[in-house]
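Before any comments, here is the structure.
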Amino acid sequence: MTVVIAVPLKDADLYGLLVEKERELRQAERGTLHRQGPRKRGQEKWVHASYKGYIRLQKGLGGVAVAEIHGRTGRDEWQLVTSLIGFLHRHFARKIASVHLRFGSGG
């Protein structure tokens, strides 16, 4: 498992921006990352069109977005990580102060 923590500039709600952008792309039948499963306040599960595994997004304090990335294999995991980082960079580079990565289960 890899954890990606994206810290927004100022008071931006990065989690909310991510959710809205995914919805916008899905409705336009574009994009490769899509929400899956039931709606839950402050968290979502995303899957990729090609890579096996999932990304669990959670809303943190101060607009922080936390993503737990679970790939079926090591290769799938790093592809999901790079896909999410690319998504953040493409759509929100000017709204992000920093991105932190934590590798492994943390235990």
From the C-alpha gyration tensor of the chain, pull out the three semi-axes of the equivalent ellipsoid (sqrt of 5λ each), sorted largest to smallest, in whole Å. 19, 17, 13
Could you work out the local net charge near Gly71, counting Lys and Arg as +1, Asp and Glu as -1, over the other residues with Cβ closer than 10 Å to its Cβ? +1
Of the listed peptides 64-72, 17-25, what is their order by residue-averaged count of other C-beta atoms within 10 Å, with the highest listed first? 64-72, 17-25
What does the helix-only formula give at 222 nm for the chain: each DSSP H stretch with n ≥ 4 adding -39500 (n - 2.57), the total divided by the residues, and the result rounded to the nearest 500 deg cm²/dmol? -10500 deg cm²/dmol
Contour excess over end-to-end distance, with Cα ends at Ile85 and Leu61 and 0.36 nm allotted per residue: 6.6 nm
Mind checking the full-extension length gain between Ala97 and Arg26? Use 0.36 nm per residue of separation minus the Cα-Cα distance, one decimal, nm. 22.9 nm
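Coordinate-derived values only; no laboratory data. Here the structure is a predicted model, which is why all the values come from computation and not from measurement. For neighbour counting, all protein chains shown are included, and Cβ atoms are generated from backbone atoms with ideal geometry for every residue, glycine included.
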